[in-house]
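Quick one: the structure is below, and I'll ask about it shortly.
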Amino acid sequence: MEVIRELYIVLEDKPDVLGEILTLLRGWSVNLEAFSVNEDTARFLVEDTERVAKLLEKNKYQVEVREALRIEIENEPGALAFVASKLGSMGIKIECCYGTIAAGQGRAAIIMDVSDLKGAASLFRA
């Protein structure tokens, strides 16, 4: 488990906005490590969060750098349920959650925005 910094981007209501942002990232040689897209927002996990935020702001995008949790869990039934239940039992709300796993891999990386970052981090320290 680690506290990470993610980009929170407000998306303009137009069909090509995501393509525009991803094209800019490609031009800056930025690789997405993980991402989530909703109706009007996106969350990106990138290597150089501060640099990418500044570049997006220069291109008139509304961007915030936010802290979140990155938790590695086993790729097995019930692993995410254990994490969610443990957080919930401590009164910590999961506000957003996204993750990724490659086929055949034994572990998944999950990114969570939670209501109490310090409390959640203390639950999962080794």
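Just so you know, all these numbers are worked out from the coordinates, no wet-lab data involved. Predicted model only: the values in this text are computed from it and were never measured. Glycine also receives a Cβ, built like all others from the backbone with ideal geometry; neighbour counts cover every protein chain displayed.
Only loop residues by DSSP count here, and only those with at most 14 other Cβ atoms within 10 Å; note down the trypsin sites (Lys or Arg not before Pro) in the stretch 42-125 that meet that. Mind showing how you got there, number by number?
Details: sites: R43, R51, K54, K58, K60, R66, R70, K86, K93, R107, K118, R125; in loops: K60, K93, R125.
Within the stretch 42-125, the qualifying trypsin sites (Lys or Arg not before Pro) (loop, at most 14 other Cβ atoms within 10 Å) are K60, K93, R125.
Taking each pair of different alpha-carbon atoms in the stretch 31-105 once, compute 1/r for the pair, average those values, and report the inverse of that mean as the Kirkwood hydrodynamic radius in Å to one decimal. Spell out each step's value before the answer.
On the way: mean 1/r = 0.0679 Å⁻¹.
After inverting the pairwise mean of 1/r, the radius is 14.7 Å.
Helix 79-89: angle to the longest alpha-carbon principal axis of the chain, degrees 0 to 90, nearest 10?
Tilt of helix 79-89: around 80 degrees.
Just the Cα atoms of the chain, one point each, no solvent: what log10 I(q)/I(0) does Debye give at q = 0.11, 0.15, 0.17, 0.19 Å⁻¹?
Debye intensities relative to I(0), on a log10 scale: -0.42, -0.75, -0.92, -1.07.
Tell me the mean residue ellipticity at 222 nm calculated for the chain from its helices only (DSSP H runs of n ≥ 4, each -39500 (n - 2.57), averaged over every residue, nearest 500).
Details: 4 runs with 39 residues, N = 126.
Roughly -9000 deg cm²/dmol at 222 nm, from the helical runs in the chain.
Picking from V30, A121, C97, whose Cα lies most toward the positive end of the charge dipole for the chain (charges on Cβ: Lys, Arg +1; Asp, Glu -1)?
The residue sitting most towards the positive pole is A121.
Now for a different question. When the C-alpha atoms of the stretch 68-123 are aligned to their principal axes, what extent does each axis show, in angstrom, from largest down?
33, 19, 17
From the mean inverse distance of alpha carbon pairs (Kirkwood) and the Cα radius of gyration, derive Rg over Rh for the stretch 2-67.
Numbers: Rg = 10.9 Å, Rh = 11.9 Å.
With Rh from the inverse mean 1/r over Cα pairs, Rg/Rh is 0.92.
So what's the angle, to the nearest 10 degrees on a 0 to 90 scale, between helix 17-27 and the longest Cα principal axis of the chain?
Orientation of helix 17-27: about 80 degrees from the principal axis.
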